[in-house]
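Working notes, structure below.
The values are calculated or read from the model by the stated rules, or taken from the named source; none is laboratory data. Being a predicted model, the structure only gives us computed values, none of them experimental. Quick reminder, even Gly has a Cβ in these numbers, built from the backbone with ideal geometry, and neighbours come from all protein chains shown.
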Amino acid sequence: GAGVSQSPSNKVTEKGKDVELRCDPISGHTALYWYRQSLGQGLEFLIYFQGNSAPDKSGLPSDRFSAERTGGSVSTLTIQRTQQEDSAVYLCASSLGSAPGETQYFGPGTRLLVL
Amino acid sequence: AQSVTQPDIHITVSEGASLELRCNYSYGATPYLFWYVQSPGQGLQLLLKYFSGDTLVQGIKGFEAEFKRSQSSFNLRKPSVHWSDAAEYFCAVGSDNYGQNFVFGPGTRLSVLP
């Protein structure tokens, strides 16, 4: 079946502009995760959704970052007033449930470049 | 909170040689342990995971990993590397699925010589 998809695959924007990144999880997966991967770095957790609610927003680096999930499916990560340090690959993952150890299935990521 | 170290930033091996990628973690109890692989331009793919039971875990693509509690390690191994194994490998440790309770290591980049 279809895996996790993300769009756009690449995004170039100017400093100060807002961007929206989209994630389509695997059908039926109730849990959804956003991560950021900066050059040469590991994965940095941003936010987790169980259904449409976000029990853990602790990883969002600033109030310029927000995310929502509608219909228990598609999620959008929005970065307002982008800064150059926001340049990174943004990865989305989904899992069937949120029990500890559930396998997370990752999308290919959105590569964001802020000029 | 958990922490994960992958001591080797970059490893180069010849095709057909054996491989061992190191992963050490810090956690008070027995955690869930994972190895993921990320090929260039791709998302992460799960290679294997350990929850409990047999400490030697078999995964996809001929990989295996061994949990050693006494050494707080979960090293990934493959007896014979193929050129297609060139990628970035991430170890992850967690007592939960997200947030501070699920941590990825910094990754080890594997290069394979023909």
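Can you tell me which residue among B:Tyr25, B:Tyr36 is of a type outside the set (Lys, Arg) and over 21 Å from B:Val112 (Cβ atoms)?
B:Tyr25
So is B:Gly107 under 27 Å from A:Val4 (Cβ atoms) and surrounded by fewer than 21 Cβ atoms within 10 Å (Cβ to Cβ) or not?
No.
Suppose we keep only residues that are under 10 Å from the mean Cα position of the chain (by Cα) and not hydrophobic (A, V, I, L, M, F, W, C) within the stretch B:3-35. Which one would you say is surrounded by the fewest Cβ atoms within 10 Å (Cβ to Cβ)?
In this case the residue turns out to be B:Glu20.
Please verify whether the stretch A:2-12 includes one or more residues that are in a strand (DSSP E or B), modelled with pLDDT of 95 or more, crowded, with 16+ Cβ neighbours inside 10 Å and among the β-branched types (Val, Ile, Thr).
no
Quick one: which strands (runs of 3 or more DSSP E) sit completely within the stretch B:1-110 and have at least 2 residues that are within 14 Å of chain A (Cβ to nearest Cβ) and at pLDDT below 90?
The qualifying strands (runs of 3 or more DSSP E) are B:87-94, B:102-104.
Anything in the stretch A:58-94 that is part of a loop (DSSP other than H, G, I, E, B) and in contact with a helix residue (DSSP H, G or I) (Cβ under 9 Å, 6 or more places away or on another chain)? List them, or say none.
A:Ser58, A:Gly59, A:Pro61, A:Arg64
Regarding the stretch A:24-36, can at least one residue be identified that is surrounded by 15 or more Cβ atoms within 10 Å (Cβ to Cβ), within 9 Å of chain B (Cβ to nearest Cβ) and assigned to a loop (DSSP other than H, G, I, E, B)?
Looking for residues that are surrounded by 15 or more Cβ atoms within 10 Å (Cβ to Cβ), within 9 Å of chain B (Cβ to nearest Cβ) and assigned to a loop (DSSP other than H, G, I, E, B), one finds none in the stretch A:24-36, hence no.
Restricting attention to the stretch A:42-89, which residues are within 10 Å of the chain's Cα centre (by Cα) and within 11 Å of chain B (Cβ to nearest Cβ)?
Of everything in the stretch A:42-89, those that are within 10 Å of the chain's Cα centre (by Cα) and within 11 Å of chain B (Cβ to nearest Cβ) turn out to be A:Phe45, A:Leu46, A:Ile47, A:Tyr48, A:Val89.
Check A:Ser95 against each of (1) more than 10 Å from every other protein chain (Cβ to nearest Cβ); (2) under 26 Å from B:Ser3 (Cβ atoms) and name the one condition it does not meet.
The single condition A:Ser95 does not satisfy is (1).
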